[in-house]
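The values are calculated or read from the model by the stated rules, or taken from the named source; none is laboratory data. None of the values given here were measured: they were computed from a predicted structure. Neighbour counts are summed over all protein chains in view; Cβ atoms, including those assigned to glycine, are modelled from backbone coordinates with ideal geometry.
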Amino acid sequence: MELYLYIALFSPLVGSLFAALFAASPKSLIAGVVPSLLLFTSFVASTILLVNILSGGDIVHVEMMTWIATGNLYIPFGFVVDQVSITMMMVVTVVSTVVHVYSIGYMDHDKSFNRFFAWLSAFVFSMMILVMSDNFAGLFIGWEGVGLCSWGLIGFWYHKESATWAANEAFIMNRIADLGMLIGIFLVYWNTGTLQYDEAFAVMPALNSEILTWMGIFLFVGAMGKSAQFPLHTWLADAMEGPTPVSALIHAATMVTAGVYLVVRANPLYDLIPHVGLFIASLGAFVALFAASMALVNRDMKRIIAYSTLSQLGYMFVAAGLGAYWVALFHLMAHAFFKALLFLGAGNVMHAMHDELDPFKMGGLKKPLKWTFIMMTLASVALAGIYPFAGFFSKDLILEVSLIEHHYIIYSVLLFTAGLTAFYSFRLVALIFHGEERYKLFGIDPHEAYKFVLIAMSPLLILAIIAGSFKMTYFEMVTAVLPATQYHVHSVVTYWIMTIGTQLFVLLAIAFAYKKYANNRITVPNGTSKMENRLCYKILSNQYYIPYVYEEYISKPYRELSEVFWKHVDMKVVDASVDGIANIIYSTGEKTRTMQSGNLSTMLKWMVAGTVALLSLAVVFGLAVRYSDEIKLIFSGLGVQ
Amino acid sequence: MFEAIAFYLFAFLTISMFYITVTTSQALYALAALAAGMIFISAFFFILGADFLGAIQIVVYSGAVMALYAFGMMFFDTTRDIKEKQGNRAIVFGLSTIAATLVVVIFAAPMVSNNITALYPIIEGAGNTQQVGMVLFTKYLVPFEVAAVMLLVAMIAGIVLAGKKMDLSLTLMSDDEVMKLKNEQNKKVLL
Amino acid sequence: MMEIGLNHYLVLSTILFSIGLVGVIRRKNLLMLFFATEILLNSVNISFAAISHFYGDLTGQMFAFFVIAIAASEVAVGLGLLIVWHKRHGNIDLEQMSTMRG
C-alpha cells in the first residue's frame, strides 16, 4: 500500500517537472498529456487506497524520511492515508484529472500552454502534501505550496495588470492569515511538544482551555485566509482573473476547502472548545448569506460562481463549527464536484463567447452550447440542493444539523441563503442559456467546446448527480476517525415538513429566477434602470464597499506609512548607515593606498610595524593564558559567565 | 668577576661597533665595524662556554661573510657617501625598541614560568665541540644535511648571478645593446 | 650587578636587535640593509647561546648554528643579486627600486 501512497503523492510532481522542462518552449501537446496521464495514475492509486480502506484495511501511515531533528524537535516527512485524507485525495485527484484534460482543450491556443501544466500539476502535488501529511509542519508546507501555485496561476496571464494585481492580493491576504496559522502551530508545539496530529491531539485534553482556545482561534485564522472567510474574502472574487480551469480546480474544489479540511483534521481540538466552534459556525452562516447576497446582482459570470463558492464554504464551516465534521467533509466533496462542473461549464461559455463574462450579453445559448447547457443546469440544480442531486444530501444535512443543535438563527439564515443560492444560480443559467440571443448584437458566433473536453467533464456530471447516494457508505467509512453523530430530526413529521418546505422554497426561488430572467425583455443594463439605482443594489454590486474600504483605510494609509518609512527611516537611517560603512571603508582604502608606494623601504617600515602588532598579540595571548585563572576570577566578579 | 668585566667590556664594544655600522655614511667604515662587532660577539659565545659556536662565528662571519662583502663591495662605488633616508626618528627608534622588547619577552616567558626542561642536556665531562657533534649528528642530522645542500645551492647561485658577463659592464651599454644581448641568449637566466 | 645572569644577555640582545631594526628601517643603501640584517641575526644568536648556557640545553646552540648557516647562504645569494642589480642600474639604492609600485 505504501507504494500506492507514493505513486499517488509523487505522480503530480513528476508531471509538473516534466511540463516545467518545456515551460519556456512553444506549445507541445505532450506537456499537457503526460501530466494528465500521471494525474490519472495518481487517481488510480488513490482509488486503490480507497478500496483498501473501504474493505477494512489498515490506515496507511508512512514515514518517508526525517526532515528536521534538532534537540527535542522531531519532524519527519510523514504521510498518512486515513478516512479523512483519502476523501480529500479522491476529491483532489478526480477534479484535477478532469481539469487537466479539460485544460488541454481550454488552453489550446495559449502560448504558455506548457507552463500552465507545470503550475497546475505542482498545485496538485502541494495539495496532496497538504492533505496527506501526518503533522502540522507538512500541512503548512502544502499550505504554502498551494498558495504559491495559486499565485502563479491567478497571475498566469501576467501581462494583464489586473491579473498580477489579483495574484498579489491573493498571496498577500493569505500571508496575513498564514501568520495566524503559524502562530497556532507554534502554540501547538509549545504546549504539546510535538507536531504529529495523533500525538498532539492525545495531549490536548489535558491542557488549559484558554490555551486551547487560542490554538483553535489562530489555526482558524489560517483557515479563514485559505477559505476566504470574511473579512479576508476579497481575494477569492478577484482571483477569477486566472484561467477558468484554475478557478474550477483551485478556487472551487480544492484549495479553498483546505481551511475546512484543517478544521476537520483538528476536530479533537475543536471538540474541546465548543465556543470557538460556535463562532466558526456563526461566521460561516454570516459568510454564506453575505456572499450569496453579493452574487445576486453581480454581472460577472465567474464572480457569481466565486461568490457561490464562498457561500458554500460558509455552509461547510457551519457544519464543522457545530461539530458535524463528517457533514462538512461530505458537503466539501459534493460541492467540489458540482462547483468544478459549473466552473468548467462557464469556461466553455467563455470560450464560445470570446472571453465575454457578462451574462447579460449572452442569452439563448442553449442551442449552440447544448451539452454545456445541460451540464451547467444540472450542476446548478445540484448546487441549489434539489432531490436527488448531491447538493440535496449534503446541504440539507447541514440545515438539519443546525436545527438539531438548536441554533435556530443559523438555521434560518442558512435556509434563506439556500433560496438565494437557487435564485442566483438560475439567474445565471437563465441569462446565459435562455431568452433572446443577445450575443448576436456583439457579432459573436458561439461554438460548442471540443468533444473530448465534454467527455472529460462527464465524470463530474455523474458525480454531481449521484454523489448523494454514497452518503451512508461514506458515513460509515469516515466516522472511523471523526465523531460519529447521526443527525436525525426526532419527529418524522418535522423531518418531512422541513425537507419538503426547503425543497418548495428552493423551487420557488428557481421559478422566480426563470420568470425574471428567462424572458425576451432582458437587455444589457446600462445603469439607467430603476433597480440599478436603488441603494441596496448599489451596495451589493459594490460588494458592500468592502474592497473600497480596504483600499481607502488599509492600503492607502499603509502606503503612506511606507512612504514615510522609506523617506525617513530607510533613506536616512538604514541606507545612510550602510553607505556610511561603505564610505568609511572606501576612504580608508583611499588613504592607505599611499602605503603601497612600491617603495621597498616604506614597505620594510610597515613590515616592522606589522611584526610589532603580531608580537604584541602573541604577548597578550600568552599573558591571558598565563593568568587565565585570575582573569576568570575577575570576570566572575563582574557577573560574566 | 672576570666574567662580569668581560661581559660589560664586550657588550660596550659590540654595541658601539654595531651603532657605527648602522649610522656611518661610509660603506667601508660600516664594513669594518661590522666585522669587528662579529668578532666581539664570538667573545660572548666563549664566555657562555659555547666554544664551537664561537669558532664558527669567527670563521663564518669574520672570515667568509665579511670577505664576501668585501669582494662584493669592489663592484660598487663605495667612495660615495651613503645617503640616509629622511624620516621620523621617533617612529624608527620606537618601533625598533618595542619590537625588540617583545621578541625578548616572548623568548623569556617560558623561562620565567619555569616550564621548560632541557631536551639535550649538556653532558658533563665532554668538551663543547664533542657535545655539539653528538647532538648535531644524531638528532639534527637531517637539518644539518639540508643546511649543507642549501649552502651548496647558495654558492652556485652566487656564482651564477655574480659571475656572468664579468667582462661586460651593463651600466655602460645602451638599452638597445642590452636588449640585443638579452635576445641573443634569452634562454639564459636573469639579465 | 657583578653576577652576570641570563637577563644581562637578553638585554644586550634586545639592544643589538633594536640597533639592527633601526638600521633596517633607516638605511637606503641595500648593502647597508644587509649589514643591518646581519646584526639582527647575531643578536638573536646571542640569546640562543645564553639560553642554552643557562638552561644547560644544547638546542639553543644548534639553532644558532643553523642561523649562521642561513645567514651565510643569504649573503651569497643576496650579494649575487645585488651585483646583477648594480650592473643593470648603476646603483643599489632602495628608493630607486619602485618597480612594484601599483
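When A:A484 is tested against the conditions (1) surrounded by fewer than 21 Cβ atoms within 10 Å (Cβ to Cβ); (2) under 30 Å from A:P525 (Cβ atoms); (3) in contact (Cβ under 8 Å) with a residue 12 or more places away in the chain, the lone failure is (2). Within the range A:588-639, the only residue that satisfies the criterion of being within 14 Å of chain C (Cβ to nearest Cβ), closer than 17 Å to B:I106 by Cα and of a type in the set (S, T, Y) is A:T611. A search for C-beta distances below 7 Å between a residue of the range A:123-138 that is in contact (Cβ under 8 Å) with a residue 40 or more places away in the chain and any residue that is of a type in the set (A, V, I, L, M) and not in a helix (DSSP H, G or I), counting only pairs 6+ apart in sequence or on different chains, returns A:M132/A:V80; A:M132/A:V81; A:D134/A:V80; A:N135/A:I75; A:N135/A:L195; A:F136/A:L195; A:A137/A:I75; A:A137/A:L195. In the range B:52-70, of all residues being more than 10 Å from every other protein chain (Cβ to nearest Cβ) and touching a helix residue (DSSP H, G or I) at 6+ places or on another chain (Cβ under 9 Å), the one that is surrounded by the fewest Cβ atoms within 10 Å (Cβ to Cβ) corresponds to B:A70. When residues in the range B:31-54 are screened for being of a type in the set (A, V, I, L, M) and touching a residue at least 40 places away in the same chain (Cβ under 8 Å), 4 of them pass. Going through the range A:306-338 one residue at a time, which ones are buried (at least 24 other Cβ atoms within 10 Å of the Cβ) and not in a helix (DSSP H, G or I)? Across the range A:306-338, the qualifying residues are A:L322, A:A324. Here is a check on your reading of the model: is A:Y439 aromatic (F, W, Y) and either touching a Lys or Arg at 6+ places or on another chain (Cβ under 9 Å) or not in a helix (DSSP H, G or I) (or both)? Yes: the conditions hold for A:Y439.
A quick yes/no check of all residues on (1) surrounded by 13 or more Cβ atoms within 10 Å (Cβ to Cβ); (2) under 30 Å from A:F230 (Cα atoms):
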| residue | (1), (2) |
| --- | --- |
| A:V492 | no, no |
| A:A509 | yes, yes |
| A:I546 | yes, yes |
| A:E563 | no, yes |
| A:H568 | no, no |
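Only one entry in B:A64, B:A50 is in contact with a His (Cβ under 9 Å, 6 or more places away or on another chain), at pLDDT below 90 and of a type in the set (A, V, I, L, M), namely B:A50. Among the numbered conditions (1) within 14 Å of chain A (Cβ to nearest Cβ); (2) over 28 Å from B:I156 (Cβ atoms); (3) at pLDDT 85 or above, the only one that C:G78 does not meet is (2).
Inclusion of C:M97 among residues that are away from chain A (no Cβ under 14 Å) and more than 17 Å from the chain's Cα centre (by Cα) is not warranted.
Looking across B:M17, B:M38, one residue alone is in a helix (DSSP H, G or I), within 8 Å of chain C (Cβ to nearest Cβ) and surrounded by 17 or more Cβ atoms within 10 Å (Cβ to Cβ). It is B:M38.
Assess whether B:S25 counts as being among the small types (G, A, S), free of Cβ contacts under 8 Å to residues at least 60 places away in the same chain, outside the structural domain of B:M134 (by TED's automatic domain parsing) and buried (at least 18 other Cβ atoms within 10 Å of the Cβ). When the stated conditions are applied, B:S25 does not pass them. Entry remark, the range C:9-37: residues being within 9 Å of the chain's Cα centre (by Cα) and more than 20 Å from A:A609 (Cα to Cα) number 1 in total. Only a single criterion out of (1) within 30 Å of A:G105 (Cα to Cα); (2) of a type outside the set (V, I, T); (3) in contact with a strand residue (DSSP E or B) (Cβ under 7 Å, 6 or more places away or on another chain) is not satisfied by A:S36, namely (3).
Criterion applied to A:A252, A:A228, A:A202, A:A206 was being more than 14 Å from A:I176 (Cβ to Cβ) and crowded, with 24+ Cβ neighbours inside 10 Å, and the one residue passing it is A:A252. Within the range A:151-173, the only residue that satisfies the criterion of being hydroxyl-bearing (S, T, Y) and touching a residue at least 12 places away in the same chain (Cβ under 8 Å) is A:S162. Scanning the range C:49-71 turns up no residue that is within 14 Å of chain A (Cβ to nearest Cβ), closer than 23 Å to B:M17 by Cβ and of a type in the set (A, V, I, L, M). Across the range A:148-203, what is the number of residues that are of a type in the set (D, E, K, R) and not in a helix (DSSP H, G or I)? Residues in the range A:148-203 being of a type in the set (D, E, K, R) and not in a helix (DSSP H, G or I): 1 in total.
Look through the range C:38-61, keep the residues that are polar (S, T, N, Q) and surrounded by 23 or more Cβ atoms within 10 Å (Cβ to Cβ), and return whichever of them is farthest from the chain's Cα centre (by Cα). Before you say what the answer is, go through the steps one by one.
From the range C:38-61, those polar (S, T, N, Q) are C:42-43, C:45, C:47, C:52, C:59, C:61; that's our starting set.
Still in the running and surrounded by 23 or more Cβ atoms within 10 Å (Cβ to Cβ): C:42-43, C:45, C:47, C:52, C:61.
On the way: C:N42: 6, C:S43: 7, C:N45: 10, C:S47: 13, C:S52: 20, C:Q61: 17 Å.
Among residues in the range C:38-61 that are polar (S, T, N, Q) and surrounded by 23 or more Cβ atoms within 10 Å (Cβ to Cβ), the one farthest from the chain's Cα centre (by Cα) is C:S52.
Evaluated against (1) of a type outside the set (S, T, N, Q); (2) free of Cβ contacts under 8 Å to residues at least 40 places away in the same chain; (3) closer than 30 Å to A:Y548 by Cβ, A:I176 falls short on exactly one condition, (2). A single member of B:F93, B:F45, B:F76 is assigned to a loop (DSSP other than H, G, I, E, B) and either at pLDDT below 75 or facing chain C (nearest Cβ under 7 Å) (or both), and it is B:F76.
Scanning the range A:442-458 for residues that are assigned to a helix (DSSP H, G or I) and buried (at least 17 other Cβ atoms within 10 Å of the Cβ) gives A:V453, A:L454, A:A456, A:M457.
Taking the range A:615-631 as the region of interest, how many residues are surrounded by 12 or more Cβ atoms within 10 Å (Cβ to Cβ) and part of a helix (DSSP H, G or I)? Spell out how you get there, then give the answer.
In the first step, residues of the range A:615-631 are kept if they are surrounded by 12 or more Cβ atoms within 10 Å (Cβ to Cβ); the result is A:615-616, A:618-619, A:622-623, A:626-627, A:631.
Then drop every residue that is not part of a helix (DSSP H, G or I), which leaves A:615-616, A:618-619, A:622-623, A:626, A:631.
Number of matching residues: 8.
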